[in-house]
Amino acid sequence: MKLVVGLGNPGPKYAGTRHNVGFDCIDYCAEQVGIELDQSKFKGVFGKGMINGEKVILLKPLTYMNLSGESVRPLMDYFNIDVEDVLIIYDDMDLPVGKIRLRQKGSAGGHNGIKSLIQHLGTPEFKRIRVGVDRPQNGESIVNYVLGTYRPEEREHVEQAIIQSSKAVEAWTTKTFLEVMNEFN
């Protein structure tokens, strides 16, 4: 069984913000593959289903970004999912808006959601799809920037990144992650 987690913050206040692109990816993927996010447990909302014959859980932690590990770890334990079968989708300010980058492991890079996951999973060695949101301009604070919405000219690029992320998730059900990285990076 594979677990795909999109990071974000719960509630309408954060919908459509840069920091919630992980949630947006999970929502889009769920719609494309017909998995309903209809279960609420483990401090998150999730759905189970099949993608290309592979059992998959799609999860949106509802703990707020900084505590994401508090949702992911208990779900992994309950369903006996190994860390090598976990994929995390999240926003990354070090990539241009709309660019995605797949990695097999890495540091938190200042991302508090990833810091929480590393702490709770006990390792930085989990698969990731980083979705570019770029950096703030003109002295805007990082917090205001990531909790802000996209400029109109960025929206199309973000939508393409969400589509590509979903395709990468689907590809991971039939290919090794290295093959998926080679295809989507």
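If you check L95 against the conditions, is it part of a loop (DSSP other than H, G, I, E, B) and either of a type outside the set (S, T, N, Q) or in contact (Cβ under 8 Å) with a residue 24 or more places away in the chain (or both)? Quick ask: steps written out before the conclusion?
Numbers: part of a loop (DSSP other than H, G, I, E, B): yes; either of a type outside the set (S, T, N, Q) or in contact (Cβ under 8 Å) with a residue 24 or more places away in the chain (or both): yes.
So L95 fits the description; yes.
So that you can scan it fast, the table gives a plain yes or no per residue for (1) of a type outside the set (D, E, K, R); (2) within 15 Å of D92 (Cα to Cα):
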site: G132; (1), (2): yes, yes
site: R135; (1), (2): no, yes
site: R151; (1), (2): no, no
site: Q160; (1), (2): yes, no
site: S166; (1), (2): yes, no
site: T176; (1), (2): yes, no
site: E179; (1), (2): no, no
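Test of understanding: among D82, D38, D77, D91, which residue is modelled with pLDDT of 95 or more and crowded, with 16+ Cβ neighbours inside 10 Å?
Answer to the check: D91.
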Qualifying residue in the stretch 123-132 (condition: closer than 26 Å to Y14 by Cα and open to solvent by 80 Å² or more (accessible area, probe 1.4 Å)): no
Residues satisfying the stated conditions in the stretch 160-185, i.e. within 17 Å of P96 (Cβ to Cβ) and open to solvent by less than 90 Å² (accessible area, probe 1.4 Å): A161, I162, I163, Q164, S165, F184, N185
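From the residues in the stretch 20-53 that are part of a helix (DSSP H, G or I) and in contact with a helix residue (DSSP H, G or I) (Cβ under 6 Å, 6 or more places away or on another chain), which one is farthest from G98 (Cα to Cα)?
Applying the first criterion (part of a helix (DSSP H, G or I)) to the stretch 20-53 yields 20-33.
From what is left, the residues that are in contact with a helix residue (DSSP H, G or I) (Cβ under 6 Å, 6 or more places away or on another chain) are 20, 24-25, 28-29, 32.
On the way: N20: 14, D24: 13, C25: 12, Y28: 15, C29: 16, Q32: 19 Å.
Among those that are part of a helix (DSSP H, G or I) and in contact with a helix residue (DSSP H, G or I) (Cβ under 6 Å, 6 or more places away or on another chain), it is Q32.
So, of the residues in the stretch 54-74 that are assigned to a helix (DSSP H, G or I) and touching a Ser or Thr at 6+ places or on another chain (Cβ under 7 Å), which turns out to be surrounded by the most Cβ atoms within 10 Å (Cβ to Cβ)?
The extreme case among them is S71.
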Pair list, Cβ under 8 Å, 6 or more apart: the stretch 168-183 residue within 16 Å of K55 (Cβ to Cβ), other residue open to solvent by less than 80 Å² (accessible area, probe 1.4 Å) and assigned to a loop (DSSP other than H, G, I, E, B): T173/G53
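The values are calculated or read from the model by the stated rules, or taken from the named source; none is laboratory data. Since the model is a prediction, treat every value here as computed from it, not as a measurement. So basically every Cβ, Gly included, is an ideal-geometry build from the backbone, and we count neighbours across all protein chains shown. Areas reflect the complete protein model, heavy atoms only, side chains present, ligands, DNA and RNA absent. Shrake-Rupley method; radii C 1.70, N 1.55, O 1.52, S 1.80 Å.
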